[in-house]
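J.: Right, I'll just put the structure down here and ask away after.
FYI, it's all coordinate maths here, none of it is from the lab. The structure presented is a predicted model; accordingly, all values stated were derived computationally and were not measured. FYI the Cβ positions are ideal-geometry reconstructions off the backbone, even for glycines, and counts take in every protein chain you see.
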Amino acid sequence: MTPPLLREAFATILQDMRWQLADATPRRILHNAGFMTNLRRMLQWGSRPDDPPLSELHPSLGNLDHVAYLINDIRQPLFPQGTDFHGAQDLLQQHLQLPVEQQYIRYAEELQLPGSAKRDRMVICMFPEQSQRLLDSKRVEVDIAFKRVTSWYEFEMVAWDDETCRSMTLCRAFLTSMTAEAHLALYRQIFAIAEKDTGRKPRFHHLHGDGFEVWTADDDKGHALGLGKFLQELAQSLDDPDRYEPHKRLCDLTPYEHLARFLRLCLVHFKRNIKKLEHRVTTQVYQAMLSLAACETHADFNGACTLIRSGGKAAANWLKEKELFGLAALYHPLSKIPLELWLAGNPTTNGVEQKHRDINRDGKGLTLLGGINRGMQHDIRERSQAELARNEGVDSRYKTSTPAHRQYRRIQRAIRTEKRKLLADGDSGVNPPKAKRSAAAPTARAVCTSSSTAVNNTPSYLTTVPIPVHAEFAQPSELTE
C-alpha cells in the first residue's frame with residue numbers, strides 16, 4: 001500500500017493535469033510532459049537522461065493496477081458525473097456559465113429517434129465564431145470518424161478559408177447512431193445553434209440563389225438521406241419553381257433530388273471502395289466502374305451501366321447503391337449542379353480527413369469528455385493560428401498553401417505515385433492489361449464502349465460533344481505525359 005504522504009504527493013501531480021486527467025492511464029501519464037516534469041522535480045532527478053519510473057516514488061506504484069486505482073480515485077471528485085455522456089452534460093452546464101464567445105459544448109441530449117428501439121445520444125460542439133464561419137461558407141466538406149472517442153462516432157464539418165489558405169473546422173459532433181434520422185436530428189440542431197448565434201438561417205444556392213453551393217462527403221447512405229431530408233424540411237415553405245426543373249416546385253423535391261443539386265462524393269473514397277472489388281470483377285467491369293466518375297460527358301454511359309449490371313453480383317449491388325444518389329454526385333451530366341460550381345467544389349474530402357489526422361495525433365481511444373476537451377483545444381489553436389496569419393502575416397508553415405501551390409503539389413504527388421506503380425508492375429512482371437487499370441479515364445471509357453456494344457447496340461442519349469476535362473479530374477498517367 002502506498003503511504004498516505006506519498007499518495008497525497010502523487011495526487012498533487014495528477015491534479016495538475018486538469019482536464020487531461022479524464023483520459024489518464026498508467027501509461028499515458030508517463031508520456032505527459034507536465035506530469036513527468038513535476039515527478040522529476042519531486043524526486044530531484046536532476047539532468048539524468050532517463051525519466052524516473054513511478055516505482056521511484058514508492059515500490060507499490062510499480063503495480064499498474066494499483067496506479068490505475070489511484071488515478072480513478074483522484075479523478076472521481078474532479079469529474080463527479082464521470083467522463084462519458086453524463087460528464088459531457090455536466091460540462092455543458094459549466095460552459096453555460098461562461099461568456100458567450102467561450103461556450104464550446106452547445107448540446108448534449110438523449111434522443112428517441114423514429115425507428116430506433118433504444119435512445120441515442122448526441123453532443124454538438126462549436127464556438128459562436130464557428131457558427132458565423134459555417135453560414136458564411138459556400139463549399140463544405142463533411143466526414144465521420146470513429147477511432148478517436150471510444151463507442152462514439154465523430155462528425156466534423158470543414159471549409160477552406162481563402163484568406164488564410166487553410167482548412168477551418170466549422171463544427172464537431174459526437175453521435176451513437178449513423179442512421180438517416182440521427183443525421184436529420186443532427187443538422188436540425190447544428191443550424192438551430194448557428195441561427196441562435198448569428199440570427200441567420202441556412203441558405204442553399206439551389207433554394208435561395210446564394211449560400212452553400214457544393215458539399216463534399218463520402219457515400220454513407222444514412223448521412224446522405226438525413227441531409228436530403230433536412231433540405232426537404234428547409235424547402236417546405238418555398239413554392240417557387242425549381243430553376244433546373246421548372247415544372248417542379250422546390251417544396252415538392254424529394255431528399256435525393258435536393259442532393260443532386262449540391263452534393264458531390266469524394267473521389268478518393270469512390271476509388272478506394274472500387275479497389276476492394278478489383279479481384280471480384282473483370283478488368284472491363286472494373287474500368288467501367290471507374291469511368292462513371294467524370295465531369296465530361298461519357299461516350300456510352302448506358303452501355304457502361306449495362307456492363308456493370310451484368311458483371312456479377314458484387315458489381316450489380318455496387319451500381320444499385322450508387323443509383324440512389326451516388327451517380328448524380330459523381331457524374332456531372334446527371335447532376336443538377338451548374339458546371340462552374342461543380343468545378344469550384346472540392347472533388348475529395350481531403351481537408352476534413354486532414355483535420356481528423358491532426359486531432360488523432362492528440363490521442364485516440366479517448367473518453368467522450370477527453371475527446372471534447374482535446375477537440376476544444378485543437379479548435380482554439382486553429383483559431384489562434386488563423387488570427388495570427390490574418391493580422392500579422394505569420395503562417396504556420398514557411399510555404400503558404402495557395403491554390404497554385406496546392407495544385408502543383410497534387411500533380412507532383414500524382415506523378416510520384418504513378419512512377420511507383422509503373423516500377424512495381426515492371427518488377428513483378430504484371431501483364432500489360434492489368435497494369436493499365438490505372439490508365440486515363442478516356443481509355444477506360446473507350447474500353448467500356450467497345451465492351452458494351454454487344455450488350456446494347458442503341459446509341460446513348462449522353463453521346464454528345466465532350467466537355468473539356470478539368471485538371472482535378474486528370475489521371476496520374478495523363479499528368480506524366
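J.: Would you mind checking which residues have amide H under 5 Å from Arg166's amide H? H placed 1.01 Å from N; only 5 or more apart, or other chain.
T.: Asp161
J.: Radius of gyration and Dmax for the range 4-78's Cα atoms, expressed in Å?
T.: In Å, with Rg to one decimal and Dmax whole: 11.5, 35.
J.: Then there's this: Between the range 60-97 and the range 343-395, how far is it from one alpha carbon centroid to the other, in angstrom?
T.: Their Cα centres are 26 Å away from one another.
J.: Round to the nearest 0.05 the FRET efficiency obtained for Asn317 and Val394 when R0 = 51 Å and r is the Cβ-Cβ distance.
T.: With a Förster radius of 51 Å, E is 0.50.
J.: Within the set Lys138/Lys196; Lys248/Lys355; Lys196/Lys248; Lys118/Lys229, which residue pairs have Cα atoms separated by over 30 Å?
T.: Lys248/Lys355; Lys196/Lys248
J.: Please list, by residue number, every one of the chymotrypsin sites (Phe, Trp or Tyr not before Pro) in the range 338-417 that is coil in DSSP and has at most 16 other beta-carbon atoms within 10 Å.
T.: Tyr398
J.: List, in order, the whole-Hz ³J(HN,Hα) value for each residue of the range 89-104 obtained from phi through the Karplus relation with A = 6.51, B = -1.76, C = 1.60 and θ = phi - 60°; use x for Gly and Pro.
T.: Computed from phi, the couplings for the range 89-104 are 5, 5, 5, 4, 5, 5, 5, 5, 8, 7, x, 3, 5, 9, 6, 10 Hz.
J.: With +1 assigned to the C-beta of every Lys and Arg and -1 to the C-beta of every Asp and Glu, and no other charges, what is the dipole magnitude of the chain about the Cα centre in debye, to the nearest 20?
T.: With Lys and Arg at +1 and Asp and Glu at -1, about 1260 debye.
J.: Of Lys276/Lys320; Lys147/Lys275; Lys275/Lys322; Lys147/Lys399, which pairs sit farther than 26 Å apart, going by alpha carbon to alpha carbon?
T.: Violating the 26 Å Cα-Cα cut-off are Lys147/Lys399.
J.: Taking 41 Å as R0, compute the FRET efficiency from the Cβ-Cβ separation of Lys201 and Asn360 and round it to 0.05.
T.: According to the calculation, E is roughly 0.75.
J.: Related question: Two decimals, Cα atoms only, Kirkwood Rh: what is Rg/Rh over the range 139-267?
T.: My calculation puts Rg/Rh at 0.97.
J.: Then there's this: Pull out a ≥ b ≥ c, the square roots of the eigenvalues of the alpha-carbon gyration tensor of the range 339-398, then state rounded if a/c is under 1.5, prolate if not and a/b is larger than b/c, and oblate in the remaining case.
T.: Verdict is oblate for the range 339-398.
J.: Moving to a separate point now. First measure r as the distance between the Cβ atoms of Arg18 and Glu233, then evaluate 1/(1 + (r/R0)^6) with R0 = 45 Å and state the FRET efficiency to the nearest 0.05.
T.: 0.60
J.: How many nm is it between the label spots at Lys221 and Phe146, if each spot is 7 Å from the Cα in line with the beta carbon?
T.: 1.5
J.: Then there's this: Quick check: convex hull over the Cα atoms of the range 265-336, volume per residue in Å³, rounded to an integer?
T.: In the range 265-336, the Cα hull volume divided by residue count equals 77 Å³.
J.: Now, a different point. Amide H of Tyr107: which non-local residues (sequence gap of 5 or more, or other chain) have their own amide H closer than 5 Å, using H built in the peptide plane?
T.: HN-HN under 5 Å from Tyr107: Ile124.
J.: Given 0.36 nm per residue, what is the gain on full extension from Asp73 to Asp162 after removing their alpha carbon distance, in nm?
T.: In short, 27.2 nm is gained.
J.: Could you work out the local net charge near Asp84, counting Lys and Arg as +1, Asp and Glu as -1, over the other residues with Cβ closer than 13 Å to its Cβ?
T.: -1
J.: Run the helix sum for the chain: -39,500 (n - 2.57) per DSSP H stretch of 4+ residues, divided by residue count, reported at 222 nm to the nearest 500 deg cm²/dmol.
T.: Result for the chain: -15000 deg cm²/dmol, rounded to the nearest 500.
J.: If you don't mind, another one. Classify the range 224-367 as rounded, prolate or oblate, taking a ≥ b ≥ c as the square roots of the eigenvalues of its Cα gyration tensor: rounded when a/c is under 1.5, otherwise prolate if a/b is larger than b/c and oblate if not.
T.: Judged from the Cα gyration tensor, the range 224-367 comes out oblate (a/c at least 1.5, b/c at or above a/b).
J.: Of (1) 1.15; (2) 1.07; (3) 1.02, which one was derived for Cα Rg over 2.2 N^0.38 Å from the structure shown?
T.: (1)
J.: Moving on. Just to check, using Stokes-Einstein with a Kirkwood Rh over alpha carbon pairs, what's the diffusion coefficient of the range 82-169 at 4 °C and 1.567 mPa s in µm²/s?
T.: Translational diffusion coefficient: 86 µm²/s.
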